[in-house]
Structure formats: structure tokens, C-alpha cells
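Enquirer: Take a look at the following structure, please.
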2 protein chains.
Amino acid sequence: MATQPAEMTVHSAQPYNAEPARTVLAGRDLTPLDAFYHRNHATEQPRIDPATWSLRVDGMVERPATFSLGALRERFAEHTEVVTLQCAGNRRSGLIEVADLPGETPWGPGATGTARWAGARLADVLRDVGVDPAATDVVLTGADVADEPDEPYAVSVPLEKALASEVLLAWSMNDAALPAEHGAPVRVVVPGWIGARSVKWLERVTVADAPSSGFYQAVAYRLLPADASPARGRGVPLGPIAVNADVLSPADGAEVPAGRVHVTGYALAGGDRTVVRVDVSTDDGATWAEADLAPQASRWSWRHWHADLDLPPGTTRVVARAWDSAAGVQPADPAELWNPKGYVNNAWARVTLHAIAAADG
Amino acid sequence: MATQPAEMTVHSAQPYNAEPARTVLAGRDLTPLDAFYHRNHATEQPRIDPATWSLRVDGMVERPATFSLGALRERFAEHTEVVTLQCAGNRRSGLIEVADLPGETPWGPGATGTARWAGARLADVLRDVGVDPAATDVVLTGADVADEPDEPYAVSVPLEKALASEVLLAWSMNDAALPAEHGAPVRVVVPGWIGARSVKWLERVTVADAPSSGFYQAVAYRLLPADASPARGRGVPLGPIAVNADVLSPADGAEVPAGRVHVTGYALAGGDRTVVRVDVSTDDGATWAEADLAPQASRWSWRHWHADLDLPPGTTRVVARAWDSAAGVQPADPAELWNPKGYVNNAWARVTLHAIAAADG
């Protein structure tokens, strides 16, 4: 029996930006390939022939090198990590409800997903070429070029993170070859950090003594004060993700039978933190009940949670929030964190449920 | 000229729990010794003769060892770190305003301070005795014993943190011998974590395969849901500190001249995060101005900030909040995070200022 492709909400066709319905993510440690969000900057997806592709490793290294896909796979051990990726723009729609964000993709809850990634450790590649002790950052450049600005997609991560064992140059996703639309033949996976650092269609790794000066590091993907306009170097670059959570099932606006309703969702601590508790409220946060946490598939993956709520007939807003291992908790209101590019909405999650009383008799 | 000792608010004499006024902390990278907060559990401070003191290192190690103070100082290199310590109960008074916390010390803003600590790296000591690969935690036991429970003060940190280069067994504080009241001859300093992990009057380091089962790890210093009672293993142990900030000057309730008022404070990101921005508001968070950040004395220290506000005559509530390097921001309201032991109040900081118009003519 053929699997029915997951229905995606397509925000734009070119570049292709699409996300699954929240319910598709519910309860699954791994997100199916056809339900994994797509976030692109280039109008056309790069078309790369793996047979001729190569990875250039250069910059502040002792032995600059170029690896074919075969050489990369042969020279470096394959490591596997289950990792949740999350777009910095995930849940932007909640910020747009506070104040419009013209030109920004109105992502809902689905610009996140979890996969089992396999590939070489970036650390192994860097050690192989020998890193200059004065280096501080690693610039990652993909083959994708947007119309504006007309430059390859390039960002950087601090060397300390690049050398962490969890950062992969992945050629496999959920035990299949990495799909073209997710960055084949090789993409970066930077666990715990905004998805924008997990460069697809990787072509070049450049060790440097400063962060990337490219648009996607120096202008975009930065946290700005509410009254600022994006400008080169303004604000601070986003990196690790703040603690976040969402309700995944039932769907927002769903009709459910009144009485006991099973509510599920995910939470993600970001950085190297873990989720230690999730709370659920049906009175807008006046009181909270503790949700049950499912086992975490890996240190770098989301953590699913569930709670049984007793809903009276009528409309109830279900609120959820997570705590991380530093006793950090999500802020209540998206207005508190509204920012001009609409990044990292980690306000309490809210869905509205309509509970229908059982028919008489 | 003799230095005037800082005036401390003494919450209890036995055990001695005291904190400085917020203004004493303002603008100083290092907190003077006589203004550093005291948080004790034992009625009587341990009286230790450094000449006969020794440190026992045991548990899951290859070569259990006992070090005299001289041996410790001779065998291991001295390292220095500027580190901010912060009591998990700091700012508890803000939680008590939400709902009473009987029996808990009503700490204000001053249960935090920064010092230059020098001593051996705990990692060097652990490597010297050889850690069993199956170990996961390191239990730290002090000489202080409370009346209730009648057991030595003992907590643990995960082995991964214990092996981090910033964790010290400190014998020096602000370039002086560690004072008796701050844990002489040797105390632990665990940067980025709640003060309760920085064990004073250290006597024993025990490598283990589980966290400490002692009261201060298994019952106290845990984050509890609002409706829970403390019980063994209930809730989750506190560890790294969530992002926090406070106004340090002017004092809360101060009279100031109307017009331009210079407001200063600190922010602390906790864990291994950094403070990336501090916002100040005079309209309860409806709008914010970005504060200026002072250079950070070290990766593990607080970051001072300042802002010039234009205050009209009358009463203004000044609000401040910090963002960490994961785009995490403080929650707005202490009611959101009220918990039955009153820990980690990192709600927005608030002080009330009374601006006095200049006298006519």
C-alpha cells in the first residue's frame, strides 16, 4: 500500500517553503520525510550530481583539502544522531497576530521536525585538515543562491560548536539517502541551534577568525529590538534555540467530544539543555497541570508530552509551556518577544478546542 | 582609612543568612568581601584548622586519595576565574508577594555576588585519582551540619560539569585567602549553576553513578510544580541558572531628581550562555529601550548594564529584563513561576522611583 503523502501548507512555491499540519508531527519520534518542513531561500533548488560533487575545506587549516562524496564516506566514520531541527521562523504566525511582519513567511507550528541523521562528524573533518589555534568560527557555504541577495547561502558557527561531537555532515535522513530537497548529497546538522545553521547542499567549510560576513549571518537571522530595522551587524546573531513547546493534537480549532480529551505535543529545550517539565492549563495560565513526558529519543531531539484534560462543553483555550534544565520557562505572551524579523516565538502555546456535549439519549 | 563594612540585611543570625543592599553591587565587576551574601544551613559555622584539614577523594576512582591543604596546593596548578554566584533563593521576596512562602528566607536582590576565585581545578583532581568510566556524578560534601536534617551538607553535579575547566576548588577569593565564613580552607565554585552547588568547607569529593541522595539534592533545591509539596525525588533538581537581571541603582523606592536618571543593573545568563541584550521599560513593558552593556569581566560573570531614563515628576516603575544567547528572555510576572520553595525568581526586575521636580526659581 502506497503511503499517502502528507498534506503540506505551501507558503511559497519558489522558493519552496512548506510545513506539515501539526497533527502529523504528533507522537512520532521521527518525522516522516514527506512531512518534514522545507525552508528555502533560492528560487530554484540546486541540482547536484553526487558523482561530481566535492566538499572544499579551507581557510585557517594546515592542509586545505577537497573531498569527493566517496572520499568523505570512506575517510570518516559514519555517526548517527536523532536531531530536531527548528526554523527560527517557526510559529511566526503568532507574532504576526501581534503586529504584521510584511514579507516574512507566516510559519505556523510545523517548521520543525525530527530525523535520524547519519554522516561524518564535522569535528573529524576539521581535525583531519588541522585547525589553526587562532581560529574561532567555521563558515558553512551551500550551493543555493537566492535572487536577492545574489550570494550563496553561507552562515557560521563558533568553532567550539563545530567541534562538538553532535554536529554532522549528513548524507542520510531517516535511514534513506538524504533527499535532494533536504540538501543532498551532504548537509550540515547543528543540533540545538536554529535550523538556519544546518546548511543544505554543502559545498565549502571555511575555518576563520570571525563569523561569516554573509547576509544570512550579518543581516538576517539576528535578534533585533522591536523598534529596530535590519541592518548589517545590528542586533545579535541567533544560535541555540530557546525553550519552546507546542500542542500537536488535537488540531487548533478542532471539535472534540466533551469530557476527557487526550492532548499531546512536543517540547524542545534548545542548546544543550533538556526539557524537565511541561505544564498544561485550561484557564490561561492561572493554574497548571503537569503533563506526562515521553522518553526522549536522544539528547538532541524533542520530547513528546501528553495530558488528559476534562473539557466542559463549549470552547476552551488549551495552553502549554515547557521548562528547561536551567529552570527557564517560556514567556507568556508573544507581544513580549515580538521582533521585526519575527524570529523564535517561544511564547506559551495555545490552541482552541470546541468540546461538543454528547447527544441526549 | 579603614573601609566601612557594608551594611547587610541579616535575615537570620543562626544560621547566618545576610545580603547587601542592591546599590552596593552596582557597577562593580567584583563584589567586596564584606558585601558578599551569606547563605548558611548550619547554626554554627564550621571551625576548621587548615593545618589539620584534609580533602578525601573517593568513590568510583582508581586511586582514592587524601590531600592536605599543602598537598592540594602543591600538586595542582592554581587557576583563577571571575565567577558570579547566585543563590537559588535570590529575589524570593518577589515570589512571596505573589503568595506566602512560610519558613523560607525572604531574599531580596542581593543573594548574588561576583568574586575572583583561585584554586585547583576539580577536573585536575579527578583526573589525578582516575575516574571510573561508569561514573556519572560527583558528590561534594561540606563540614557544615544543620540542626534539621542532621546530615552534612552534600550535593552533586554531573560528572560532565565536574570535569569542566571552570569548576574550582577555591582557596582564594578576591586575591585574599578564602574567608572562614565563605568556606575556608577550600570551597567549590561551580560557575553558571545555583549557589547551592558551590559547597563550602569542602571535606569530601565522591565519584558516583547517581546524584547525591542527600537532603539538599533529593529534597531541597528542586523545582516543584506550584501545587506540589516537597518530597524526596519530587520535582527536578536545579542546576544551571536561568537568565536573570536586576536593577541595582537607584535603590528601590529612591527619590531622584526628575529628568535624566542614570539606572544601572546586572544581568546573568546562567549555564554556559551569555547575556546578549538588556531592555529597560518605564511603561511596564509596553515599550522598551535597549540598555548599554558593559564589558563582561569573564565568561562566568554577570554583565553590568546602564541606561539613562527621562523620568517625569512623580512615581515611575522601572522594569528591566535580559535576553540570553539562545534568544531566551525572562518571564514577565513572578506569578508565572511561583513555586512552593520559592526558587529562581527570574521574572522581570522592577523598582519604583519617585522623581522630584526641581524647586521653582
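The values are calculated or read from the model by the stated rules, or taken from the named source; none is laboratory data. Since the model is a prediction, treat every value here as computed from it, not as a measurement. Cβ sites come from the backbone with ideal geometry, for glycine too, and all protein chains shown count toward neighbours. Calculation scope for accessible area: heavy atoms of the full protein, side chains included, ligands and nucleic acids excluded. Shrake-Rupley method; radii C 1.70, N 1.55, O 1.52, S 1.80 Å.
Enquirer: Rounded to the nearest Å, what's the spacing between the alpha carbon centres of region B:1-52 and region A:22-41? Just the number, please.
Expert: 54
Enquirer: Among DSSP bridges having both ends in the protein assembly as shown, what percentage is antiparallel? Round to the nearest 5.
Expert: Working: 150 of 164 bridges.
In the protein assembly as shown, DSSP labels about 90 percent of beta bridges as antiparallel.
Enquirer: Can you tell which of B:HIS182, B:HIS11, B:HIS38 shows the greatest fluctuation in a Gaussian network model of chain B with Cα springs below 10 Å?
Expert: B:HIS11
Enquirer: Describe numerically, in nm with one decimal, the distance between label points set 7 Å from Cα along Cα→Cβ at A:ARG28 and at B:ARG234.
Expert: Result for the modelled spin labels: 3.9 nm.
Enquirer: Once amide H atoms are placed 1.01 Å from N in the peptide plane, what residues at a sequence separation of 5 or more from B:ALA332, or on another chain, have their amide H within under 5 Å of its amide H?
Expert: Residues meeting the criterion, in which the H sits 1.01 Å from N, are A:ALA332, B:TRP348.
Enquirer: In whole Hz, what ³J(HN,Hα) sequence does region A:169-178 give by Karplus (6.51, -1.76, 1.60; θ = phi - 60°), x for Gly and Pro?
Expert: Karplus values, whole Hz, x for Gly and Pro: 9, 8, 10, 9, 9, 6, 6, 10, 4, 4.
Enquirer: Suppose a student asked you for the relative contact order of region B:8-237, using Cα pairs under 8 Å spaced at least 6 residues apart; what percent would you report?
Expert: Computed value for region B:8-237: 22 percent relative contact order.
Enquirer: At a Förster radius of 25 Å, what calculated FRET efficiency corresponds to the Cβ-Cβ distance of A:ILE356 and A:GLU7, to the nearest 0.05?
Expert: 0.55
Enquirer: Sticking with this structure for a sec: Rounded, prolate or oblate: which one fits region A:8-237, using the alpha carbon gyration tensor with axes a ≥ b ≥ c (rounded when a/c is under 1.5, else prolate when a/b beats b/c, else oblate)?
Expert: Numbers: a/c = 1.77, a/b = 1.27, b/c = 1.39.
It comes out oblate by the Cα gyration axes.
Enquirer: Spelling out what I want: for every residue of region A:118-125, take phi, set θ = phi - 60°, compute 6.51 cos²θ - 1.76 cosθ + 1.60 (Karplus), and round to whole Hz; glycine and proline get x.
Expert: 10, x, 7, 6, 4, 4, 5, 5
Enquirer: Amide H of A:VAL207: which non-local residues (sequence gap of 5 or more, or other chain) have their own amide H closer than 5 Å, using H built in the peptide plane?
Expert: Those qualifying (amide H under 5 Å, at least 5 residues apart or on another chain) are A:ASP58, A:GLY59, A:MET60, A:VAL139.
Enquirer: Continuing with the same structure: Using a 1.4 Å probe on the protein chains only, how many percent of the accessible area of chain A belongs to carbon and sulfur?
Expert: Carbon plus sulfur share of accessible area: 49 percent.
Enquirer: Rounded to the nearest 10 Å², what accessible area does A:ARG22 show when all protein chains are kept and the probe is 1.4 Å?
Expert: Looks like 40 Å² after rounding.
Enquirer: Considering only protein heavy atoms, what per residue accessible area in square angstrom results for chain B with a 1.4 angstrom probe?
Expert: Accessible area per residue, chain B: 39 Å².
Enquirer: Rg and Dmax of the protein assembly as shown over Cα atoms: what are they, in angstrom?
Expert: Rg and Dmax of the protein assembly as shown, Cα atoms, are 26.6, 90 Å.
Enquirer: Shifting gears a bit: Among the lysines, which have Cα under 28 Å from the Cα of B:LYS341 when same-chain residues fewer than 8 positions away are ignored?
Expert: Straight-distance partners of B:LYS341: B:LYS161, B:LYS200.
Enquirer: Label position 7 Å from Cα toward Cβ: report the copy-to-copy distances for B:ALA289 in nm, one decimal, ordered from shortest.
Expert: Relative to the other copies, B:ALA289 has label-point distances of 4.7 nm.
Enquirer: Turning to a different aspect of this structure: Averaged over A:265-274, how many beta carbons belonging to a partner chain fall within 10 Å of each residue's beta carbon?
Expert: Mean partner shielding for this stretch: 3.
Enquirer: Could you let me know the centre-to-centre spacing of region A:64-112 and region A:316-348, using Cα atoms, in angstrom?
Expert: What the calculation gives is 20 Å, centre to centre.
Enquirer: What nm distances, shortest first, do you get from the label point of A:GLY233 to those in the other copies when the point sits 7 angstrom along Cα to Cβ?
Expert: Sorted ascending, the copy-to-copy spacings read 5.6 nm.
Enquirer: With n ≥ 4 as the cut-off for DSSP H runs, can you work out [θ] at 222 nm for chain B, using -39500 (n - 2.57) per run divided by the number of residues, rounded to the nearest 500?
Expert: About -2000 deg cm²/dmol.
Enquirer: Now for a different question. Before we go on, tell me the buried accessible area for the A/B pair, both chains summed, 1.4 Å probe, in Å² to the nearest 100.
Expert: 2400
Enquirer: As a test of understanding, state the convex hull volume per residue of region A:244-356 from its alpha carbons, in Å³.
Expert: That works out to 106 Å³ per residue.
Enquirer: Got a sec to turn the phi values of region B:252-265 into Karplus ³J(HN,Hα) couplings, 6.51 cos²θ - 1.76 cosθ + 1.60 with θ = phi - 60°, whole Hz, x for Gly and Pro?
Expert: 4, x, 5, 8, 9, x, 4, x, 6, 10, 8, 10, 10, x
Enquirer: Give me a single rounded figure for A:316-329: the average over its residues of other chain Cβ atoms within 10 Å of their Cβ.
Expert: 6
Enquirer: Then there is this: List the relative contact order of region B:24-118 as a percent without decimals, with contacts defined as Cα pairs under 8 Å and 6+ residues apart. Before the final figure, lay out the partial values.
Expert: On the way: 99 pairs, mean separation 32.3, N = 95.
About 34 percent, as a whole number.
Enquirer: Which of the residues in region A:330-349 show a loss of at least 40 Å² in accessible area from their chain by itself to the complete set of protein chains, at a probe of 1.4 Å?
Expert: Those residues are A:GLU336.
Enquirer: If we hang a label 7 Å off Cα along the beta carbon direction at B:PRO149, how far is it from the matching labels on the other copies, in nm, shortest first?
Expert: So the label point of B:PRO149 gives 5.9 nm to the other copies.
Enquirer: What's the center-to-center distance, using Cα atoms, between region B:139-214 and region A:234-276 in Å?
Expert: If you average the Cα positions of each part, the centres end up 36 Å apart.
Enquirer: A further question follows. How high is the FRET efficiency between B:ALA289 and B:GLU160 when r is their beta carbon distance and R₀ equals 45 Å, given to the nearest 0.05?
Expert: Once the sixth-power term is evaluated, E becomes 0.70.
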